[in-house]
Amino acid sequence: MSLYNFRENPRLQRMPTNQQEWVHWMNEAAKHIADALELATAQTNIATAQTDIISAARTSAYATSIPSGYAWNSDPSGTFPAGNPTFDITTTFYDQEGTQVAQRVLRGTLTSASGTIAITNVSASASTGYATAYALTNDGTASVLATMTLTLPDSSEMEHSVAWNAIDLSVAGGTPASGGGK
């Protein structure tokens, strides 16, 4: 309600003279105060929502990996490719506008004799305010998972995972048999 409506309200224009008039006068005044408080609260909520939307947009990020995983296969007798081959997976992180903000390249190296995989960091780069890190699950086994974390300028984080597998075709079952690379 407007100030004009408050001033022109007949129940508020004259001074109450008894208890009942005081009750009516207070109820009418309270309506205007409540309306003013509701408006102020609504305006505050709108400002907060706008700030939250802007913050969410600033902290939105996504990642792509090409490819998102790699598998070495043995021959039917269980022999893996010779020469301890390697395979790099490049993960690129983007902000909410689709601008690249970070990149990390991890290398999986197959140990040909045992069919196990070791992961090493090849390179990492990040724009100002962003940072990347990675954690490995089951490193040195036949199925390794790398979980990369992008830290955004507001200290929030997002994760993205990639995997390497060594599949022994001479053994029935699945890869991984257990662990984090599932």
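The values are calculated or read from the model by the stated rules, or taken from the named source; none is laboratory data. Here the structure is a predicted model, which is why all the values come from computation and not from measurement. Every residue, glycine as well, gets a Cβ built from its backbone with ideal geometry; the counts of neighbours run over all protein chains shown.
List of remarks:
- Matching entry among ALA146, ALA124 (being surrounded by fewer than 18 Cβ atoms within 10 Å (Cβ to Cβ) and without any contact (Cβ under 8 Å) to a residue 60 or more places away in the chain): ALA124
- Out of THR79, THR116, THR48, sole residue that is polar (S, T, N, Q) and either touching a helix residue (DSSP H, G or I) at 6+ places or on another chain (Cβ under 6 Å) or surrounded by 15 or more Cβ atoms within 10 Å (Cβ to Cβ) (or both): THR116
- The C-beta contact set for the stretch 5-28 (first residue assigned to a helix (DSSP H, G or I) and of a type in the set (Lys, Arg), second residue modelled with pLDDT of 70 or more and surrounded by 11 or more Cβ atoms within 10 Å (Cβ to Cβ), distance under 7 angstrom, 6+ apart or interchain) comprises ARG11/HIS24; ARG11/TRP25; ARG11/GLU28.
- Just so you know, in the stretch 127-143 the residues that are under 17 Å from the mean Cα position of the chain (by Cα) and without any contact (Cβ under 8 Å) to a residue 24 or more places away in the chain include one that is farthest from ASN84 (Cα to Cα), and it is ALA133.
- Qualifying residue in the stretch 96-119 (condition: in a strand (DSSP E or B), at pLDDT 90 or above, over 21 Å from ILE66 (Cα atoms) and more than 18 Å from the chain's Cα centre (by Cα)): yes
- Scanning the stretch 54-74 for residues that are of a type in the set (A, V, I, L, M) and either modelled with pLDDT of 90 or more or touching a helix residue (DSSP H, G or I) at 6+ places or on another chain (Cβ under 8 Å) (or both) yields ALA63, ALA71.
- Conditions (1) among the polar types (S, T, N, Q); (2) modelled with pLDDT of 95 or more; (3) farther than 23 Å from TYR62 by Cα; number of the one not met by THR175: (2)
- All positions within the stretch 62-76 that are surrounded by fewer than 15 Cβ atoms within 10 Å (Cβ to Cβ), in a strand (DSSP E or B) and within 21 Å of the chain's Cα centre (by Cα): TYR62, THR64, ILE66
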